[in-house]
1. Specify which of the listed residues (Glu293, Glu232) is within 16 Å of Ala27 (Cβ to Cβ), crowded, with 18+ Cβ neighbours inside 10 Å and among the acidic types (Asp, Glu).
2. Taking helices (runs of 4 or more DSSP H) that fall entirely within the stretch 229-319, which contain at least 3 residues that are in contact with a Gly (Cβ under 6 Å, 6 or more places away or on another chain)?
3. Can you confirm whether Pro149 is touching a helix residue (DSSP H, G or I) at 6+ places or on another chain (Cβ under 9 Å) and either buried (at least 24 other Cβ atoms within 10 Å of the Cβ) or under 25 Å from Val57 (Cα atoms) (or both)?
4. Conditions: (1) outside the structural domain of Thr267 (by TED's automatic domain parsing); (2) at pLDDT 95 or above; (3) closer than 30 Å to Lys301 by Cα. Pro45 meets all but one. Number of the miss?
5. Which residues, counting only those in the stretch 183-210, are outside any helix (DSSP H, G or I) and hydroxyl-bearing (Ser, Thr, Tyr)?
6. Find the residue count for the stretch 373-416, including only residues that are within 19 Å of the chain's Cα centre (by Cα) and among the hydroxyl-bearing types (Ser, Thr, Tyr).
7. Of all residues in the stretch 1-50 being under 30 Å from Ala253 (Cβ atoms) and in contact with a Phe, Trp or Tyr (Cβ under 8 Å, 6 or more places away or on another chain), which is surrounded by the most Cβ atoms within 10 Å (Cβ to Cβ)?
8. Given (1) in a strand (DSSP E or B); (2) in contact with a Pro (Cβ under 8 Å, 6 or more places away or on another chain); (3) closer than 26 Å to Ala389 by Cα, where does Ala148 come up short, assuming only one miss?
Amino acid sequence: MRVRIARADQFSGPIEIPGDKSISHRALILAALSDRPCRIKNLAPGLDVRSTARCLVELGAAIDLEGNRAIVRGRGLSLNMPRQTLDCGNSGTTMRLLCGMVAGSRLAAVLDGDASLRRRPMKRVLEPLRQMGAKGRGTGDGKGGETAPLQFDAGPPLVGKHHQLPIASAQVKTALLLAGLWAEGATQVSEPAPSRDHSERMLRAFGAPLELSPRGVLSIRRIDRPLTGPAELEIPGDPSSAAFLVAAALLVARGELRISGVGLNPTRTGFVEVLRRMGASVGVEAGAPQAGEPVGAMVLKDAPSLVGTEVGSSEIASLVDEVPILSVVATQATGTTLIRGAEELRYKESDRISQMARGLTAMGASVSELPDGLRITGPTPLKGAAIDAQGDHRIAMSFAVAGLIASGVTEIDGAEWADISFPGFFEVLARLSHGAVQ
């Protein structure tokens, strides 16, 4: 699908965004391991979460999906041996988290996905699981390490280990904690910097024996009973989806944008903190918590004068999904913005570092590609260009926002990939930009 985007004169209005994708994956998984039905509201509508639901059904859970609502009737810790390949679609989160479940429950299973997912590295989750005794292996050992399809064989019970992760990773951390529900002894995880803590919050909500030491070490022990979770969960709005609208409001800078019901978890608001450091005024109004997560509204109404900044490795975990749209914002900031420590973006749905450097350069920005990030000098006027999303939802959405401030017309080829995380994104963008999207 090709979408044409013209320069916008204003970007304003009220909006509620879809449920958080990261939390939705975890809510479905833990509800599937529970002994009581769980009704989930505001489930993320994208295809990735549907991949997780489909795999959980193959493992024995009963899941009734209708729009953004789901009723999950779990299997406890006694999962079914899958009769067919667990198809993770385009979702790296699905594959990595299910690795922990499949390894822990000692199932013989194959996990696979689409061509894009088959290029993404899986060794970083397979290796620590193998240290616990898992019989799992990937295909090949190329540029990014072992890749899908992944083969797991049945074997003896796993044994808990202390894992010191070389880089902060919420997905690897979660896979190990899930495996620890079945492993003998304690499974401990340490990270060099904090990553998203949605799994910790959700595990506690479902009664898992999770502990956090004063030194920041997570520890979980085997349980011999199903998890017992809440009868109802409501998923907060996705801050990663909100980031694209926040950026558009800052760059177009006319009118008031109000995003209601968005998650405000401090491990996910690094993007907002960086924007504030650049001079942006992003108002936050706290609301009632949902699913154990802080929730509120984001309000933007001022026209800021942005300045460049440096984003280092210690911040990347809290804004890794927002680096593409942050690089668009940086083109309009005075001075140089330096983003480092983001090498893992080369192994997402596309090489996001290369894609952003190439596309922004085509639009007239001053961008240098670094091995682990980007150097962007601004402000520079952008001009319309033809952009190929390369099967990557965040690339499609980032350049759509760039098109709102570019002269001429920007064409996004592969705009349909936005549905992976934000179905209806271009309709929302058209409404808030008052007709700049066709």
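The values are calculated or read from the model by the stated rules, or taken from the named source; none is laboratory data. Just so you know, these numbers come straight off a predicted model, no measurement behind them. We place every Cβ from the backbone using ideal geometry, glycine too, and count neighbours over all the protein chains shown.
1. Result: Glu293 is the single residue among Glu293, Glu232 that is within 16 Å of Ala27 (Cβ to Cβ), crowded, with 18+ Cβ neighbours inside 10 Å and among the acidic types (Asp, Glu).
2. In the stretch 229-319, 313-316 are the helices (runs of 4 or more DSSP H) which contain 3 or more residues that are in contact with a Gly (Cβ under 6 Å, 6 or more places away or on another chain).
3. For Pro149, the condition - touching a helix residue (DSSP H, G or I) at 6+ places or on another chain (Cβ under 9 Å) and either buried (at least 24 other Cβ atoms within 10 Å of the Cβ) or under 25 Å from Val57 (Cα atoms) (or both) - is met.
4. (2)
5. Hits for the stretch 183-210 are Thr187, Ser190, Ser195.
6. Count: 1.
7. That would be Ile17.
8. Condition not satisfied by Ala148: (2).
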